[in-house]
Amino acid sequence: MTFTKALLSLCCAGFLFASNSYATAPPKPQQQAIYSQMSIHQPIWAEHAMVATQEALATQIGVDILKQGGNAVDAAVAVGYALAVTLPRAGNLGGGGFMLVYLAEEQRAIAIDYREKAPAKATKNMYLDKNGHVQKQLSRDHGLAIGTPGTVMGLELAREKYGTLSRKRLLAPAIKLAASGFIVSAEFANSLNKAKPRLSRWPSSKEIFFKKDGSSYQAGERFIQKALAASLTRISELGTDGFYRGFTASQIEKSVRQAGGFISQTDLQNYQAIQRLPITGSYRGYKVISMPPPSSGGIHIVQMLNMLENYPLAELGQNSAQSIHLMVESMRRAYADRSLYLGDSDFVNVPVKALTDKKYAQDLIKEIDLNKASASNKVSPGKLAPYESNQTTHFSIMDKWGNAVSNTYTLNFSYGSGLVAQGTGILLNNEMDDFSAKPGEPNGYGLIGGEANAVAANKRPLSSMSPTILLKNNRPYLVTGTPGGSRIISTTLQIILNVVDYKMNIAQASAAVRIHHQWLPDYIRVERGLSADTIRLLEAKGHKIKVQSVMGSTQTIMKNEQGFYGASDPRSPSALSKGY
Ligand code: GLY
């Protein structure tokens with residue numbers, strides 16, 4: 001029986017949806033179609049709007065803003081500031097990211113690039129010792145690891161251009177949460193414990209994230225961030241000047257210098273967020289919109305979809321050995337290209353058109369053997385026609401007017417560099433590790449980059465962050481994205497395939513076991529739960545398989561005639577999708 005037939009028979013049989021504890025209201029009878037007894041997991045439904053984030057308090061703030069008449073951008077800005085308080089390992093003021101905005105009235109999408117920049121004094125070989133060896137700690141645990149932050153500039157650009165509510169109103173909930181504190185969840189307590197060695201190295205961080213006696217916060221205790229509340233208040237009162245000039249800027253400069261780095265107040269004053277044209281593509285009738293360079297995500301999602309469109313994935317079956325084989329071969333080729341061609345397009349010529357061309361995908365798949373794994377050392381970055389930490393976080397928002405925001409931002413590693421700028425409560429990123437310290441050698445995610453991603457003054461490091469929107473009949477249908485370092489691109493791809501090819505609802509699509517291949521190292525990383533039979537079949541084709549920790553924390557919204565559906569990744573216990 002096909003999915004559609006099964007669905008129809010269930011509806012005709014008067015199947016009633018078993019209410020999910022998160023649901024704000026049970027779906028109306030005519031709104032049951034998305035729910036199916038064929039699915040183990042069910043999304044959240046709402047009539048007017050939806051917010052999906054990795055942390056429940058931030059989700060509630062987004063929903064409140066939407067209920068008060070704010071649009072998706074207003075809600076996104078409020079959520080962006082709130083996550084800096086409630087999810088400090090990834091939500092941030094001292095990092096950077098990418099926001100994809102779909103404006104319903106104008107029927108167009110804008111990509112806001114607020115990625116960190118290398119400081120003006122950065123140089124190509126700044127992470128090499130005198131023998132030319134990479135000094136990893138310098139790009140990860142040192143003042144030199146910190147890029148000029150972009151988040152506040154990005155959020156304020158979005159609010160000023162596309163929001164409708166005042167800065168003060170959007171910052172107020174975050175300020176309140178920082179000043180009055182919130183109850184520590186088991187997940188937050190666990191992440192602090194894990195990061196203890198890195199955070200405790202810096203007295204300015206230790207005094208915030210651990211108690212006076214040095215002990216850790218326990219689940220159920222209240223966590224207050226007074227200095228962060230004051231920093232947020234300066235932004236509320238002065239706008240971007242409250243971060244990029246004055247007290248905050250001078251404290252960032254001082255703390256980075258003391259840690260051995262060289263971000264100056266001039267670097268901070270010169271920082272600009274940039275509006276860019278998104279990457280676009282198509283997949284089985286859907287329009288795909290995603291992030292352009294300096295993110296590699298959009299290009300490679302479109303490139304992999306272009307390859308996979310040539311195969312009958314639906315017939316092959318979700319997570320069958322044959323489907324996984326084809327996905328892996330597509331990933332292998334896309335990540336190989338990433339290693340050579342991708343970098344900050346303001347500095348290097350990135351062949352966007354050539355890489356996202358369907359004809360190029362046809363060339364690439366000629367080399368794919370349906371029965372045998374390719375060896376990555378035999379797959380080099382493709383020849384193109386001449387061309388012109390896990391600890392990131394994503395949120396998706398849709399409003400009642402049809403506007404959509406897909407936003408991914410990060411400090412890079414969990415809690416970034418671990419360094420809080422003295423007296424500000426602001427954690428600083430270690431995003432400089434996303435550059436290729438020595439082109440050809442892997443970064444913190446094992447990703448190999450090329451000359452195109454070499455360090456240079458004022459350049460943005462290459463990213464994998466892939467906030468994505470799929471349009472159906474020219475309207476936002478799917479809004480999604482995820483953290484996960486190098487796995488961001490492959491995880492986002494799988495959400496699209498699970499929905500479009502395998503006809504899963506977004507909750508099922510989010511829960512499904514994930515796989516990942518990034519060209520080098522040459523093995524398929526899989527989550528626990530892939531059947532032993534499938535693993536054996538893949539091994540018979542020559543693939544190496546490693547079962548490792550889970551990948552991603554997708555936050556996804558789907559909109560159809562019956563309303564809004566939200567699905568927060570079950571891999572993140574504090575995540576919540578909620579609408580009204
Ligand atoms: N720092 C992870 C990324 O930008 O992809």
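Taking the convex hull of the alpha carbon atoms in the chain, what volume per residue do you get, in Å³?
Details: hull volume 81.4 nm³, N = 580.
Dividing the Cα hull volume of the chain by its residue count gives 140 Å³.
Close amide H contacts of Y477 (hydrogens built in the peptide plane, cut-off under 5 Å, sequence separation of 5 or more or a different chain): L470, L471, K472.
The dipole here belongs to the chain: it is taken about the Cα centre, uses +1 on the Cβ of Lys and Arg and -1 on the Cβ of Asp and Glu, and is about 560 debye.
Label sites at D64 and K546, each approximated as a point 7 angstrom past Cα along Cα to Cβ, lie 4.4 nm apart. For N473 and L277, what is the calculated FRET efficiency with R₀ set at 35 Å and r taken between the beta-carbons, to the nearest 0.05? Using R0 = 35 Å, I get an efficiency of 0.95.
What is the calculated FRET efficiency for Q269 to E561, with r their C-beta to C-beta distance and R₀ = 41 Å, to the nearest 0.05? List each step's numbers first, then the result.
On the way: r = 49 Å, r/R0 = 1.19.
The calculated FRET efficiency here is 0.25.
Rounded to the nearest whole Hz, the Karplus-based 3J(HN,Hα) values (6.51 cos²θ - 1.76 cosθ + 1.60, θ = phi - 60°) of the range 360-373 follow the sequence 4, 4, 4, 4, 5, 6, 4, 8, 8, 8, 5, 10, 9, 5, with x at glycine and proline.
Computed from backbone phi with θ = phi - 60° and the Karplus coefficients 6.51, -1.76 and 1.60, the 3J(HN,Hα) list for the range 286-291 is 9, 8, 9, 10, 8, 8 Hz; x is used for glycine and proline. As a rough guide to protection, the peptides 350-356, 140-146, 241-247, 546-552 ranked by mean Cβ packing within 10 Å, highest first, stand as 140-146, 350-356, 241-247, 546-552. Whole-Hz Karplus values for the range 51-56 come out as 10, 10, 9, 7, 8, 4 Hz, taken residue by residue from phi with 6.51 cos²θ - 1.76 cosθ + 1.60 and θ = phi - 60°; glycine and proline positions read x. Between S466 and T482, the built amide H atoms are under 5 Å apart, and every one of these is 5 or more places off in sequence or on another chain. Near the amide H of Y283, within less than 5 Å, lie the amide hydrogens of V288, all on another chain or at least 5 residues away, with H placed in the peptide plane. Which of rounded, prolate, oblate describes the range 55-202, given a ≥ b ≥ c as roots of the alpha-carbon gyration tensor eigenvalues and a/c under 1.5 marking rounded, otherwise prolate only if a/b is larger than b/c? It comes out oblate by the Cα gyration axes.
At 222 nm, what helix-only mean residue ellipticity would the chain give, in deg cm²/dmol to the nearest 500, using -39500 (n - 2.57) for each DSSP H run of four or more?
Values: 20 runs with 204 residues, N = 580.
It comes out at -10500 deg cm²/dmol, rounded to the nearest 500.
Placing a pseudo-label 7 Å from each Cα along the Cα-to-Cβ vector at K168 and D213 gives an inter-label distance of 4.3 nm.
Read-outs: derived from the displayed coordinates by stated rules, not from any lab. Because the structure is a prediction, the values reported are computed rather than measured. Every residue, glycine as well, gets a Cβ built from its backbone with ideal geometry; the counts of neighbours run over all protein chains shown.
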